[in-house]
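Let me begin by presenting the structure, written as structure tokens, before commenting on it.
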Amino acid sequence: MSDNPVEAHYARRDLGETILAALKQAGKDIDHLTPEDLAPVDEFHGGQRQATIRLAELVGFRGGERVLDIGSGIGGPSRFLASRYGCQVTGIDLTAEFCRVAELLTRLTGLTGRVSYRQGNALDLPFADMSFDVVWPQNASMNIADRDRLYSEMHRVLKPGGRLALQEVVAGPGGEPHYPVPWATEASISFLLTAEATRAKLEAAGFRVVTWHDTTHTSSPSWSRAAEGPPPPLGIHLLIGADWAAVARNSARNYQEDRVRLFNAVLERPS
């Protein structure tokens, strides 16, 4: 188990084997997997695949972009961008187990040549200045207190004229979230800002807002449905583990009580 409390929160023993077993139970052909087969389990964020599609449409991919997926998890969005748009995607995640599983699933979907992963810290990105056309942090900042450093690093590795694609959980006016939630068992590793504070920090880092949408209504119903009954064989509960029922219930309450909100945004590093 990692000494880092954030990585320890996300780490799951035998996660790869658990997902492969669930895929077989769901009737998937392990030897001929597609990104669509994996969508129920590998999109670890509110709204799942539809949220990824919505954010990609806001970016307006033309095909072939070099993308950095920050907080890439087990690789759902990165594989989607590679297969749908022909992007060359590099994923980075703090959690070593997520990176190992992402590599496994990418190999099984035949996308190894277009997607790669490495373990690393978003506050110290191991990439040269102006390396990427698109930086894609989807539900990636909730565990990060130093947003100034985070957004500065994103700005540094993005090419002038490049785009930052964000989906973020932010603090609502209803009070502290009920825990556990997907990104934290308790408050010590949760660092939510309001949407207004987030936007101010992004603009202070040098980004220009192109599009900014409150998308809370797209995530709240999915958590309400998840809280109502047992999970399907294949789903993000496999990444959450034993706390799933409490996480689903609290996530639904947090949206219903306006304790958390969700937004999608596209920002640009000016030329």
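The values are calculated or read from the model by the stated rules, or taken from the named source; none is laboratory data. For clarity, every value in this text was computed on a predicted model and none was experimentally measured. We place every Cβ from the backbone using ideal geometry, glycine too, and count neighbours over all the protein chains shown.
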Residue match in the stretch 244-260 (condition: in contact (Cβ under 8 Å) with a residue 12 or more places away in the chain, of a type in the set (Ser, Thr, Tyr), in contact with a Phe, Trp or Tyr (Cβ under 8 Å, 6 or more places away or on another chain) and surrounded by fewer than 17 Cβ atoms within 10 Å (Cβ to Cβ)): no
Scan of the stretch 198-242 for residues that are within 26 Å of residue 150 (Cβ to Cβ), charged (D, E, K, R) and in a helix (DSSP H, G or I), ordered by number: 199, 201, 203
Any hit, the stretch 85-98, residues being at positive phi and either at pLDDT 95 or above or buried (at least 21 other Cβ atoms within 10 Å of the Cβ) (or both): yes
Top-ranked residue of the stretch 186-221 - restricted to ones that are closer than 15 Å to residue 46 by Cα and crowded, with 18+ Cβ neighbours inside 10 Å, ranked as nearest to the chain's Cα centre (by Cα): 219
Subset of the stretch 116-127 (residues that are assigned to a strand (DSSP E or B) and farther than 20 Å from residue 11 by Cβ): 116
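Residues checked against (1) small (Gly, Ala, Ser); (2) buried (at least 18 other Cβ atoms within 10 Å of the Cβ); (3) not in a helix (DSSP H, G or I):
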{"site": "7", "(1), (2), (3)": "no, yes, no"}
{"site": "13", "(1), (2), (3)": "no, no, yes"}
{"site": "17", "(1), (2), (3)": "no, no, no"}
{"site": "21", "(1), (2), (3)": "yes, no, no"}
{"site": "27", "(1), (2), (3)": "yes, no, yes"}
{"site": "31", "(1), (2), (3)": "no, no, no"}
{"site": "38", "(1), (2), (3)": "no, yes, no"}
{"site": "41", "(1), (2), (3)": "no, yes, no"}
For residue 104: the one exception among (1) within 30 Å of residue 220 (Cα to Cα); (2) surrounded by fewer than 22 Cβ atoms within 10 Å (Cβ to Cβ); (3) not charged (D, E, K, R): (1)
Filter pass, residue 82 being out of contact with any Gly (no Cβ under 7 Å at 6 or more places or on another chain), at pLDDT below 95, crowded, with 19+ Cβ neighbours inside 10 Å and of a type in the set (A, V, I, L, M, F, W, C): no
Any hit, the stretch 147-168, residues being at pLDDT 95 or above, closer than 15 Å to residue 261 by Cβ and not in a strand (DSSP E or B): no
Selection from the stretch 1-36 of residues that are in contact with a Leu (Cβ under 7 Å, 6 or more places away or on another chain) and among the basic types (Lys, Arg): 12
Every pair of residues 6+ apart whose Cβ atoms lie under 9 Å, when the first sits in the stretch 13-26 and is in contact (Cβ under 8 Å) with a residue 24 or more places away in the chain and within 20 Å of residue 95 (Cβ to Cβ) while the second is acidic (Asp, Glu) and surrounded by 18 or more Cβ atoms within 10 Å (Cβ to Cβ): 15/97; 16/97; 19/42
Residue in the stretch 163-185 that is surrounded by 22 or more Cβ atoms within 10 Å (Cβ to Cβ) and hydroxyl-bearing (Ser, Thr, Tyr) present: no
Complete set of residues in the stretch 128-146 that are surrounded by 17 or more Cβ atoms within 10 Å (Cβ to Cβ) and part of a loop (DSSP other than H, G, I, E, B): 139, 140, 141, 142, 143, 144
